[in-house]
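K.L.:
My structure is below; once you've seen it, I'll send some questions.
What follows is calculated from the coordinates using simple rules that are stated; it is not laboratory data. Note that this is a predicted model, so its numbers are computed, not measured. Using ideal geometry, Cβ is built from the backbone for each residue, glycine included, and neighbour counts are taken over all protein chains shown.
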């Protein structure tokens, strides 16, 4: 069945929602479908295969009610001209525009609920509720599925379908066999990595809830209480303008005299290379991750993962087999687990890595995510 699908996303950056949109768009094109993305821009645009996926530029990043209305009219015109079958919104502001367009055009409306979103008051909760007004509501993890049922029950319609489709990663891209020594060595030189030292990688944008402060504290405990010294840590991520927070991290590093242990790297265009040069990967979030992309990517790269025991990260790991969990927000517990991992021999670390790859192949393969979504599209159009 050839389907015409319009996905709408604020920006096509490097985040989980964005890569999911990108992967699905190309998968649909390969199935003979007509695939469109409406977006305001973003870094992933340059990788879009223009012969396969058509890009429509609209100011869908804006939360301005006038622009939301403008986008609704623009999307409705696009839907009618291109005879779109399914409108798939991947964020709240564009979801309002898509919902209004659905009311006008009566085409099938789908949403993917990617995060927990702030719902501290009723206005914010109502704003978020648009994500559960579609015919098909996709949750990216069991954690998100439970969150929707718990907090948005009054907005759910029993006629609509709510289901989990796990986010997937590209197993061909995140594959240690595809890492060339030349590329890896370039990163080792550029980042001044000492290959003799045990390397701990903490990827993720610099923001308080990602737990970088707690991670730095745990490294200090690792030295003070466990007498571990032969390691280096890479904190990889941009502060995205939060320079007060990044200064806080720098001063904490200085206070604990960890300047020779911690390297701050702002960005990495090829994440598989960053994973490849690490011995263990950490996800230190002190608030729940909606999915836990870092833990899935690390496992795909056959790297042991240490993650906090909350949110989506928890369900992506086979505890003590493909990775290790610790009590969220507890630097002592994280230090204890890191010490345990550093004590493991090379063969055991490799075996944990292989279990991780097996786990991801079974549950979090991007092909599986795309195929399941495509099947649900087909079911929707038959109803």
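K.L.:
For a label point 7 angstrom out from the Cα of residue 82 toward its Cβ, which stretches of region 21-48 have the backbone nitrogen within less than 14 Å?
P.N.:
Output list for this probe position: 22, 25-26, 28-29, 33-41.
K.L.:
Simple spin-label model, 7 Å along Cα-to-Cβ: residue 265 to residue 124 in nm?
P.N.:
Result: 3.4 nm between the two label points.
K.L.:
Is it possible to state the helix-based mean residue ellipticity at 222 nm for the chain, with each DSSP H run of 4+ residues giving -39500 (n - 2.57), the sum divided by total residues, to the nearest 500 deg cm²/dmol? What is it?
P.N.:
For the chain, the value works out to -13500 deg cm²/dmol.
K.L.:
What three numbers, in Å, describe the spread of the alpha carbons of region 176-363 along their principal axes, ordered from the longest?
P.N.:
42, 37, 35
K.L.:
Under a crude label model (7 Å from the Cα following the beta-carbon direction), how far is residue 368 from residue 257 in nanometres?
P.N.:
4.8 nm
K.L.:
Along the Cα→Cβ direction, 7 angstrom out, place labels at residue 309 and residue 31. What is the inter-label distance in nm?
P.N.:
3.9 nm
K.L.:
On C-alpha positions alone, give me the angle between the axis of helix 346-363 and the longest principal axis of the chain, in degrees, nearest 10.
P.N.:
That works out to roughly 10 degrees.
K.L.:
Now, a different point. So between residue 172 and residue 319, what do we pick up on full extension, going 0.36 nm a residue minus the alpha carbon distance?
P.N.:
Length gained between residue 172 and residue 319: 50.5 nm.
K.L.:
Right, another one. Checking the a/c ratio against 1.5 first, then a/b against b/c, what shape does the Cα gyration tensor give for region 189-261?
P.N.:
The shape class here is oblate.
K.L.:
Here's a follow-up. Could you state the angle between the C-alpha long axis of helix 65-82 and the longest principal axis of the C-alpha atoms of the chain, as a value from 0 to 90 degrees rounded to the nearest 10?
P.N.:
It is inclined by approximately 70 degrees.
K.L.:
Would you mind pulling out the separation of the Cα centroids of region 108-146 and region 239-260, in Å?
P.N.:
If you average the Cα positions of each part, the centres end up 34 Å apart.
K.L.:
In percent, what relative contact order does the chain have, based on Cα pairs under 8 Å that are 6 or more apart in sequence?
P.N.:
Relative contact order of the chain: 14 percent.
K.L.:
Name the shape class, rounded, prolate or oblate, that the alpha-carbon gyration tensor gives for region 141-217, where a ≥ b ≥ c are the square roots of its eigenvalues, rounded holds for a/c under 1.5, and otherwise prolate holds if a/b is larger than b/c and oblate otherwise.
P.N.:
Taking the square roots of the gyration eigenvalues as a ≥ b ≥ c, region 141-217 is oblate.
K.L.:
Once you sort the root eigenvalues of the Cα gyration tensor of region 1-81 as a ≥ b ≥ c, which label holds: rounded (a/c under 1.5), prolate (a/b larger than b/c) or oblate (the other case)?
P.N.:
oblate
K.L.:
Kindly work out what percent of the DSSP beta bridges joining two residues of the chain are antiparallel, to the nearest 5.
P.N.:
Looking only at bridges with both residues in the chain, the antiparallel portion is about 0 percent.
K.L.:
Tell me the Kirkwood radius of the chain: reciprocal of the mean inverse pair distance over distinct alpha-carbon atoms, in Å.
P.N.:
21.9 Å
K.L.:
Between helix 366-382 and the chain, what is the angle of the helix's C-alpha long axis to the longest principal axis, kept within 0 to 90° and rounded to the nearest 10?
P.N.:
So the inclination is approximately 20 degrees.
K.L.:
Please compute the length gained on full extension between residue 2 and residue 381, using 0.36 nm multiplied by the number of residues separating them and subtracting their Cα-Cα distance.
P.N.:
That works out to 135.3 nm of additional length.
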